[in-house]
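See structure below.
The values are calculated or read from the model by the stated rules, or taken from the named source; none is laboratory data. The structure presented is a predicted model; accordingly, all values stated were derived computationally and were not measured. When we count neighbours, we look across all protein chains shown, and the Cβ atoms used for this are built from the backbone with ideal geometry, even at glycine.
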Amino acid sequence: MADTYLETLYPTWGQQFVMDEVLFEVDTGHQHLIIFKNGQWGTVMALDGVIQTTEKDEFIYHEMMTHVPMLAHGNAKKVLIIGGGDGGILREVLKHEGVESVTQVEIDQQVIDMCVQYLPNHSAGAYDNPKANIVIADGVDFVNECTEKFDVIISDSTDPMGPGEVLFTSRFYQGIKNCLNEGGVFVAQNGVSFMQTDEVTTTFKRLSPLFEEASFYSGAVPTYVGGIMTFAWATDDLSLKLQSVDVIRGRFEASGIQTRFYTPELHVGSFALPQYVQDAMA
Ligand code: SAM
């Protein structure tokens with residue numbers, strides 16, 4: 001009987017995976033890292049008991065976390081990624097030909113190394129791209145010490161626990177504010193709102209004093225269980241979220257990027273939030 005992996009994000013409920021083969025497992029010094037094969041989801045990576053990414057559904061999350069801010073901005077040349085060790089966000093950002101440089105700040109080199117080895121299609125060579133600048137550091141320190149400014153900042157972090165906890169603090173968001181160019185936009189994975197509703201409230205309260213607009217958009221990622229995942233959105237340019245489908249479609253078609261989940265209609269529609277999420281933004 002093959003071993004099973006039980007996600008422990010929630011104390012009284014969770015998804016489990018049959019592990020057909022464990023490819024790698026280690027305590028990296030920052031977090032527990034395991035990569036295993038599963039018949040339904042392909043190769044799966046988990047950190048500290050929480051599913052991070054699977055071969056089968058990664059495109060949904062990486063496309064929505066990248067192309068919504070990138071196409072809303074429309075002319076991003078300098079991009080910052082916090083976290084993102086599996087390389088999926090980096091891969092998608094580099095599909096935008098106008099990007100001149102992408103800086104990725106990841107705390108755990110072993111996540112990068114093991115994902116390149118066991119989940120090669122996530123980064124798909126992105127780590128070797130001359131536009132990519134990989135920094136191994138704590139994201140909260142980087143954004144508070146950085147003198148560079150960026151057009152789009154994407155926080156692709158773990159949940160607010162362990163090393164990821166600092167990436168949901170006011171200190172981190174203040175650092176983001178310091179690093180964002182005029183007209184820039186910050187987005188972040190902000191949990192599955194039906195299950196982690198408090199994260200909507202907390203993030204909204206911490207972002208609102210710093211930005212003209214703090215809001216969310218959403219996407220449904222099958223292995224982030226419990227319903228839609230909400231992505232935090234923060235900018236001083238109120239026009240970015242209001243682009244029409246026609247404008248977004250024009251930019252999307254001009255980009256030549258092929259997607260499997262993202263569409264301009266989904267982009268615009270993803271800002272429409274369920275009432276319980278709106279109620280949590282108080
Ligand atoms: N898509 C996943 C999700 O939504 O939960 C996140 C994937 S990615 C693997 C999360 C990354 O955040 C990991 O590589 C982890 O090492 C990194 N990370 C956690 N805390 C960090 C910190 N303080 N600074 C930089 N990277 C961090």
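Residues in the range 267-282 that are assigned to a helix (DSSP H, G or I) and in contact (Cβ under 8 Å) with a residue 12 or more places away in the chain: how many?
Residues that pass the stated criteria total 5.
Condition check: without any contact (Cβ under 8 Å) to a residue 12 or more places away in the chain and surrounded by fewer than 17 Cβ atoms within 10 Å (Cβ to Cβ). Does E165 satisfy that? First the steps, then the outcome.
Numbers: without any contact (Cβ under 8 Å) to a residue 12 or more places away in the chain: yes; surrounded by fewer than 17 Cβ atoms within 10 Å (Cβ to Cβ): yes.
Judged against the criteria, E165 is a match.
Quick one: what pairs do we get from the range 43-62, first residue within 10 Å of Y224 (Cα to Cα) and modelled with pLDDT of 95 or more, second buried (at least 20 other Cβ atoms within 10 Å of the Cβ) and among the acidic types (D, E), C-beta under 7 Å, 6+ apart or different chains?
Between residues of the range 43-62 that are within 10 Å of Y224 (Cα to Cα) and modelled with pLDDT of 95 or more and residues that are buried (at least 20 other Cβ atoms within 10 Å of the Cβ) and among the acidic types (D, E), the close pairs are V50/D159; Q52/D86; T53/D86.
I need a count of the residues in the range 44-103 that are within 11 Å of the ligand (Cβ to nearest atom), of a type in the set (V, I, T) and out of contact with any helix residue (DSSP H, G or I) (no Cβ under 7 Å at 6 or more places or on another chain).
Residues that pass the stated criteria total 4.
Restricting attention to the range 201-238, and to residues there that are assigned to a loop (DSSP other than H, G, I, E, B) and aliphatic (A, V, I, L, M), which single residue is nearest to P69 (Cα to Cα)?
L238
Write out, first by first residue and then by second, each pair whose Cβ atoms fall under 9 Å of each other, whose residues are 6+ apart or on separate chains, and whose first residue, in the range 134-154, is under 24 Å from N75 (Cα atoms) and without any contact (Cβ under 8 Å) to a residue 24 or more places away in the chain while the second is of a type in the set (F, W, Y) and more than 8 Å from the ligand (Cβ to nearest atom).
Short answer, once both residue conditions are applied: none.
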